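The values are calculated or read from the model by the stated rules, or taken from the named source; none is laboratory data. Because the structure is predicted, anything quoted here is derived from the model rather than measured. Because the Cβ atoms are built from the backbone with ideal geometry, glycine has one as well, and the counts that use them run over all protein chains shown. Please note that ligands, DNA and RNA were not included when accessible areas were found on the heavy atoms of the full protein model with its side chains. Shrake-Rupley method; radii C 1.70, N 1.55, O 1.52, S 1.80 Å.
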Amino acid sequence: CRDSNGEVHKFDSHWRNADCYDCTCSRDGISCCSSFATPVGYDKEKCISIFNKEECTYKVVEKDDHSKECPIHEWVG
């Protein structure tokens, strides 16, 4: 299988790409799904979600003060 970056992967191999998706190569092709959950249940007026690509996680913080985390009530992923 050849991924979108042109890298070749063996059949039945698994990897995590640079965008934090877990991918699998099979004889049917490549399939990828997110390795992270996305926060959806938080105060969007007061807070903002920030994605950390190195850890493949979201953090939800106050827009005016990124040192203060916001409560998250619901995730999808």
*Hits in segment 58-77 (condition: open to solvent by 60 Å² or more (accessible area, probe 1.4 Å) and either among the β-branched types (V, I, T) or assigned to a loop (DSSP other than H, G, I, E, B) (or both))*: K63, D64, H66, S67, K68, P71, H73, V76, G77
*Does any residue in segment 60-77 that is at positive phi come within less than 7 Å, Cβ to Cβ, of a residue that is of a type in the set (S, T, N, Q) six or more places away or on a different chain, and which pairs are these?*
G77/S34; G77/T38
_Being basic (K, R) and in a strand (DSSP E or B) is the filter here; which residues of segment 1-50 pass it?_
R2, R16
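Does segment 28-57 hold any residues that are within 27 Å of D3 (Cα to Cα) and open to solvent by 50 Å² or more (accessible area, probe 1.4 Å), and which are they?
If we filter segment 28-57 for residues that are within 27 Å of D3 (Cα to Cα), which is where we start, we get 28-38, 50-57.
Answer for segment 28-57, where residues must be within 27 Å of D3 (Cα to Cα) and open to solvent by 50 Å² or more (accessible area, probe 1.4 Å): D28, I30, S31, C32, C33, I50, F51, N52, K53, E54, E55, T57.
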*Output the number of residues of segment 8-34 satisfying the condition of being closer than 22 Å to E55 by Cα and of a type outside the set (G, A, S).*
12
*Could you give me the residue pairs with C-beta distances under 9 Å whose first residue belongs to segment 1-19 and is closer than 15 Å to G29 by Cβ, whose second residue is among the aromatic types (F, W, Y) wherever it lies, and which are 6+ apart or on separate chains?*
C1/F11; D3/W15; E7/W15; H9/W15
_Return the residues of segment 5-27 that are more than 22 Å from Y58 (Cβ to Cβ) and loosely packed, with under 14 Cβ neighbours inside 10 Å; say none if nothing qualifies._
N5, G6, E7, V8, K10, F11, D12, S13, H14, S26, R27
